[in-house]
Amino acid sequence: MKLEGKNIPIKEGDIEMILRKLDNLKTILENQVGKRRIDINKKTLLGTDQAANYLGISRTELYRLTGKGKISFTKIGGRRKYTLADLDKYLEGEYHPVKPSII
C-alpha cells in the first residue's frame, strides 16, 4: 500500500503508543538472539519475559494482570504463553475479562 502524499488522521496518543510498541518490539527482537519462538496456528506466542518486555512492565505486573483476567494466556507444558494479538488488545484498552486456556 502506497501512502506517499496522503494524509492519515492520527488520534492523540497514537504516536506515543506506536513508538512504545516499536521500542518494545526492538527489545523482544534483541532478546530473541539464541532463543526459540513458538508458532502455533500462525499465532506467535511469547513467553512471560518476552510478553512483559513487549508491554514494558515487570513479570510481577504481568502475573497480576493475568490473574485479574485482563490479559489472556495459554499454558503449554505448564508455562504461560501470550499472543501478540492479546497483548496488543490490552495495550489498546480493548481487553475483556478472560479465563486462561490450557493445552
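Can you list the residues, at least 5 places off or on another chain, whose amide H is less than 5 Å from the amide H of L45, using H built in the peptide plane?
I38, I40
So how far apart, in nm, are the two label points at R79 and D14 if each is 7 Å from Cα heading toward Cβ?
Each label point lies 7 Å from its Cα, and together they span 3.7 nm.
Kindly write out, for the stretch 57-71 in residue order, the coupling ³J(HN,Hα) from the Karplus curve 6.51 cos²θ - 1.76 cosθ + 1.60 (θ = phi - 60°), rounded to whole Hz, with x marking Gly and Pro.
Values, residue by residue: 10, 7, 4, 4, 5, 5, 4, 5, 5, 6, x, 7, x, 7, 9 Hz.
Cβ under 12 Å from E61's Cβ, E61 left aside: what net charge do those residues give with Lys, Arg +1 and Asp, Glu -1?
+4
Just so you know, all these numbers are worked out from the coordinates, no wet-lab data involved. Small disclaimer: the values here were computed from a predicted structure and weren't measured. Ideal geometry is used to build each Cβ from the backbone, glycine not excepted, and the neighbour counts take in all protein chains shown.
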